[in-house]
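Encoded as structure tokens, the structure appears first; notes follow it.
The values are calculated or read from the model by the stated rules, or taken from the named source; none is laboratory data. Keep in mind that what you see is a predicted model, and the values were worked out from it rather than measured. Cβ coordinates were reconstructed from backbone atoms using ideal geometry, including for glycine residues, and neighbour counts include every protein chain displayed. Note: areas computed on protein heavy atoms with side chains; ligands, DNA, RNA excluded. Shrake-Rupley method; radii C 1.70, N 1.55, O 1.52, S 1.80 Å.
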Amino acid sequence: MNTNLTGVVAMLVLTIIMAIPLGRYMAKVYQGERVWTDFLSPLERLLYRLGGINPAEEMTWQRFLRALLTINMLWLVYGFIMLFYQGILPLNPDGNPGMTPDLTFNTVISFVVNCNLQHYSGESGMTYLTQLGVVMYFQFVSAATGMAALAGVYKAMQEKQSSTIGNFYVYFIQSITRVLLPLSIVLALFLIIGGTPMTFEGKIPLTTLQGAEQNISQGPAAAMIAIKQLGTNGGGFFGVNSAHPLENPNYLTNMLSTMAILLIPMSMVFALGFYLKRRRLAWTIFGVMSIGFLVFVVSTVIAETAGNPAIADMGIQQQLGSMEGKEIRIGAEASAFWGIATTATSNGSVNAMHDSMTPISGFLQLLDMMINALYGGVGVGLLNYYIFIIIAVFISGLMVGRTPELLGKKVEIREMKIATLITLLHPFLILVGTALSSYLLVHHADIAWVVKPGNWLNNPGNHGFSEMLYEYTSSSANNGSGFEGLGDNNFFWNVSCGIVLILSRFIPIIGPVAIAGLLAQKQYIPESSGTLRVDTGTFGVMTFAVIFIVAALSFFPALALGPLAEYFSY
């Protein structure tokens, strides 16, 4: 167990060590400074020319958002056509059929919005063409969309007074060519060395030790797995995601994947400090995020290594911890750490079944996604935290009787209305969706649908409620993981989750970009002795309190009905 805990500590420490220089590099990229990847400039100029883009042209925040939304709508159309007709398209050696309209609707939205919620099994639900040409493509561009949005906020925060926040297309393309693509190539090579397949051949027939015949799926997995982790996408090439021995063959690949999940979200916090030349601010934000993250990690590791109390009541010893739904090659400690890392970052990939984890672990994974700002997804995690900063600044200003200011700009009623709307949207989508599904399950269990609500759950009672709560929480947080005891591949869950996915992705991007653009237009007020500093431990504590008070007030009743009730029922 000590060795496994050492592995967990090593993963966290090594990721932080790599995140600092990567953050400095990303700040230079977005500021247009010279970096070692400048040799890619001809490729970028070609892409600008093909797209009719003037890279030197600055955009207002309104035009910036129009560009972001327009290109994402085009991807939705492209993805729908590809997935619906994949059965008749090439690179389909296993003869997988096209998706149904409702599953196509859910899947396309899920990958465009960086969620990767999968109501299908990867190896049988998609072809090699759509795994690469749709899923992996969207994993690059959706991650780059979030990074570009945050880069626009960086630019707006840096300006003393400006009506523009940079060029969305430049930030978008640079996020791919300068950050995501190089890192993905390196990680994919390590995964191939570790045993992850990278081939276009079909299933392999094998004879097991018991003499049974099996057809083992393979495919071009390594390339997709690299970007799925680095881009906080999470969608698995195989049905059981990174619990699959070909997707995550050993402890080394597990370490690399876990570090990849956390690397860019951490780096973008440090990039903020380098970009604004306010490193203390970055460390304050990173400190708040890390304290919350470590509390969740330590609590989850303790819960999982202690074993499942229900199994202990049967007189069964659990020296390895609670191993239901986990892989022996990975262990309880590394599975617990991954469970918090993947829900903190909106990644959503799994190396163990979250539905089988102890109630406390399930509670913390849910709360992680409900907060949705402890590192968070690439770009969007810090955008969510930015909203909490706005609220904390406003409350702090009211407490001391001063006009709220953030980096020399007055935070006024228009910015607060937007921040409040964004803050309330997340619990609204989660709780309304859970309430609707619970109502249908209780009052219309036998309604004449193809899949009746009474057949949705494999687990009754509190855990069944947690499965529905988790599905909407994962959708709203753009996470993609699930309590897989829920039967979710049907019209109701595909459509309702798809609606939650698209609302919870773009409105929380529009809000922070709009606030940053509005603040950038205001007159700069030099700092004085009475200015509220946002790079102090005191303000960090204030932000931490705002985050957890909002989460507690919004979600505690639902959590009390689900994982907490299950825990206290033992």
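Among the residues of segment 114-153, how many are buried (at least 24 other Cβ atoms within 10 Å of the Cβ), in a loop (DSSP other than H, G, I, E, B) and on the phi < 0 side of the Ramachandran plot?
Count: 5.
Scan segment 392-405 residue by residue and report those that are open to solvent by less than 30 Å² (accessible area, probe 1.4 Å), at pLDDT 90 or above and out of contact with any Asp or Glu (no Cβ under 8 Å at 6 or more places or on another chain).
Ala392
From (1) open to solvent by less than 20 Å² (accessible area, probe 1.4 Å); (2) assigned to a helix (DSSP H, G or I), pick out the condition that doesn't hold for Gln62.
(1)
So which pairs qualify, if the first residue must be in segment 472-486 and surrounded by fewer than 24 Cβ atoms within 10 Å (Cβ to Cβ), the second must be at pLDDT below 90 and assigned to a loop (DSSP other than H, G, I, E, B), the Cβ gap must be under 6 Å, and the two must be at least 6 apart or on different chains?
Gly485/Asn458; Gly485/Asn459
On the given criteria, is Ile71 under 27 Å from the mean Cα position of the chain (by Cα), β-branched (Val, Ile, Thr) and open to solvent by less than 60 Å² (accessible area, probe 1.4 Å)?
For Ile71, the condition - under 27 Å from the mean Cα position of the chain (by Cα), β-branched (Val, Ile, Thr) and open to solvent by less than 60 Å² (accessible area, probe 1.4 Å) - is met.
Go through the residues of segment 13-29 one by one and say whether even a single one is under 17 Å from Lys155 (Cβ atoms), outside any helix (DSSP H, G or I) and of a type in the set (D, E, K, R).
The answer is no, given that none of the residues of segment 13-29 is under 17 Å from Lys155 (Cβ atoms), outside any helix (DSSP H, G or I) and of a type in the set (D, E, K, R).
Would a scan of segment 503-516 turn up a residue that is open to solvent by 50 Å² or more (accessible area, probe 1.4 Å) and over 18 Å from the mean Cα position of the chain (by Cα)?
No, there is no match, as no residue in segment 503-516 is open to solvent by 50 Å² or more (accessible area, probe 1.4 Å) and over 18 Å from the mean Cα position of the chain (by Cα).
Can you name the residue in segment 36-46 that is open to solvent by less than 70 Å² (accessible area, probe 1.4 Å) and touching a residue at least 40 places away in the same chain (Cβ under 8 Å) and is also nearest to Phe506 (Cα to Cα) among such residues?
The selected residue is Glu44.
Given (1) open to solvent by 30 Å² or more (accessible area, probe 1.4 Å); (2) touching a Gly at 6+ places or on another chain (Cβ under 6 Å), where does Gly461 come up short, assuming only one miss?
Failing condition for Gly461: (2).
Could you pull out every one of the helices (runs of 4 or more DSSP H) wholly within segment 154-242 that has 1 or more residues that are open to solvent by 40 Å² or more (accessible area, probe 1.4 Å)?
168-174, 181-194
Kindly indicate which of Gly348, Gly315, Gly287 is at positive phi, surrounded by fewer than 24 Cβ atoms within 10 Å (Cβ to Cβ) and either at pLDDT below 95 or over 17 Å from the mean Cα position of the chain (by Cα) (or both).
Gly315
Scan segment 255-278 and give yes if some residue there is over 20 Å from Val153 (Cα atoms), open to solvent by 30 Å² or more (accessible area, probe 1.4 Å) and outside any strand (DSSP E or B), otherwise no.
yes
Might you let me know whether segment 406-425 holds any residue that is touching a Lys or Arg at 6+ places or on another chain (Cβ under 7 Å) and either small (Gly, Ala, Ser) or touching a residue at least 60 places away in the same chain (Cβ under 8 Å) (or both)?
Looking through segment 406-425, at least one residue is touching a Lys or Arg at 6+ places or on another chain (Cβ under 7 Å) and either small (Gly, Ala, Ser) or touching a residue at least 60 places away in the same chain (Cβ under 8 Å) (or both).
For segment 533-564, name all the residues that are open to solvent by less than 70 Å² (accessible area, probe 1.4 Å), over 19 Å from Met369 (Cα atoms) and not hydroxyl-bearing (Ser, Thr, Tyr).
Residues satisfying the conditions are Val534, Asp535, Gly537, Phe539, Gly540, Met542.
Keeping to segment 433-456, report how many residues are assigned to a helix (DSSP H, G or I), free of Cβ contacts under 8 Å to residues at least 24 places away in the same chain and either within 20 Å of Ser475 (Cβ to Cβ) or aliphatic (A, V, I, L, M) (or both).
Within segment 433-456, residues that are assigned to a helix (DSSP H, G or I), free of Cβ contacts under 8 Å to residues at least 24 places away in the same chain and either within 20 Å of Ser475 (Cβ to Cβ) or aliphatic (A, V, I, L, M) (or both) number 3.
Residues checked against (1) under 18 Å from Val269 (Cα atoms); (2) in contact (Cβ under 8 Å) with a residue 12 or more places away in the chain; (3) not small (Gly, Ala, Ser):
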| site | (1), (2), (3) |
| --- | --- |
| Ser346 | yes, yes, no |
| Ser356 | no, yes, no |
| Ile360 | no, yes, yes |
| Leu374 | yes, yes, yes |
| Gly379 | yes, yes, no |
| Ile389 | yes, yes, yes |
